[in-house]
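The values are calculated or read from the model by the stated rules, or taken from the named source; none is laboratory data. Since this is a predicted model, take the numbers as computed values, not measurements. Note that we place each Cβ from the backbone using ideal geometry, even for glycine, and neighbour counts take in every protein chain shown. Protein only, heavy atoms only, side chains kept; ligands, DNA and RNA dropped before computing areas. Shrake-Rupley method; radii C 1.70, N 1.55, O 1.52, S 1.80 Å.
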Amino acid sequence: MTTPLVETISIASYIDHTLLKPEATTADVTALVAEAIALGTYSVCVSPSMLPLTIPADADLKVAVVCGFPSGKHHSVIKAAEAALSIAQGADEVDMVIDIGAAKAGRFADVQADISAVRSSVPAPKVLKVIIESAALTDAEIVAVCEAAVAAGADFVKTSTGFHPAGGATVHAVRLMKRTVGDRAQVKASGGVRSFDDALAMIEAGASRLGVSGSAALLAGAVPAGAAGSY
């Protein structure tokens with residue numbers, strides 16, 4: 001059974017087509033951009049050292065970049081400077097990592113201050129996404145961090161870097177994050193979103209953006225959730 005074209009196109013519009021491997025080359029990122037345009041994804045998401053990117057003038061493709069990635073254990077002033085440089089080099093969106101240890105220690109005011117510092121370097125209409133590493137947090141910590149992100153002016157809360165051993169996005173975490181932020185922010189699911197079933201489940205749970213590295217395989221090789229033969 002194949003995925004209807006209209007459904008595939010719709011899912012593609014949710015995707016930040018992502019390449020964050022440390023061994024990525026300029027040629028790899030050039031290929032990423034070309035593939036993103038061909039697939040119709042919302043954006044590409046890359047490491048800051050890969051900027052600036054060359055995006056064809058007629059392409060409807062945003063550029064997202066990570067910040068404080070992947071540990072989040074950078075000084076806020078460094079994260080803010082990194083974000084400012086990325087914006088100056090053409091980024092439309094910044095995906096920053098919080099200090100996970102601060103959240104685990106219950107220092108949510110510090111988490112909010114960290115996010116606020118980066119927000120100051122990412123002025124609207126530029127978009128700030130806040131990676132909370134949800135798999136490493138308890139439900140109570142997820143709620144508190146999401147509240148801190150909203151208070152600091154974040155546009156999105158995002159589940160995961162995809163690099164943490166605790167794991168990536170889960171339907172439970174996405175649902176909890178969306179329930180917490182409501183209409184005040186959006187939710188991005190990332191880390192382990194590999195199939196069309198995964199994508200649909202995350203969207204149904206409340207995600208309005210998906211971080212996906214294997215976008216072509218997800219869009220070409222999957223079937224709708226619940227269909228016979230789904231994997």
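Residues that are open to solvent by 40 Å² or more (accessible area, probe 1.4 Å) and not aliphatic (A, V, I, L, M): list the helices (runs of 4 or more DSSP H) wholly contained in segment 72-163 that include at least 3 such residues. Can you show your working first?
On the way: elements: 76-88, 100-104, 108-119, 139-151.
Helices (runs of 4 or more DSSP H) meeting the threshold: 108-119.
Can you name the residue in segment 164-175 that is part of a loop (DSSP other than H, G, I, E, B) and among the hydrophobic types (A, V, I, L, M, F, W, C) and, of all such residues, is surrounded by the most Cβ atoms within 10 Å (Cβ to Cβ)?
Within segment 164-175, the first condition is being part of a loop (DSSP other than H, G, I, E, B), and the residues that meet it are 164-170.
Going one step further and asking which of them are among the hydrophobic types (A, V, I, L, M, F, W, C), we end up with 166, 169.
Numbers: Ala166: 12, Ala169: 28.
The residue in question is Ala169.
Taking the condition of being surrounded by 18 or more Cβ atoms within 10 Å (Cβ to Cβ) and of a type outside the set (A, V, I, L, M), how many residues in segment 18-46 meet it?
So the count comes out to 6.
Going by what's in this entry, would Phe69 be described as closer than 20 Å to Ser190 by Cβ, out of contact with any His (no Cβ under 7 Å at 6 or more places or on another chain), open to solvent by 40 Å² or more (accessible area, probe 1.4 Å) and of a type in the set (A, V, I, L, M, F, W, C)?
Yes.
I'm told Ala135 meets every condition in (1) modelled with pLDDT of 95 or more; (2) more than 22 Å from Ala109 (Cα to Cα) except one. Can you identify the failing condition by its number?
(2)
Is it the case, given these coordinates, that Pro165 is more than 26 Å from Gly40 (Cα to Cα), out of contact with any Gly (no Cβ under 7 Å at 6 or more places or on another chain) and modelled with pLDDT under 95? Don't jump to the end; show me each part of the working.
Values: more than 26 Å from Gly40 (Cα to Cα): yes; out of contact with any Gly (no Cβ under 7 Å at 6 or more places or on another chain): yes; modelled with pLDDT under 95: yes.
In short, yes.
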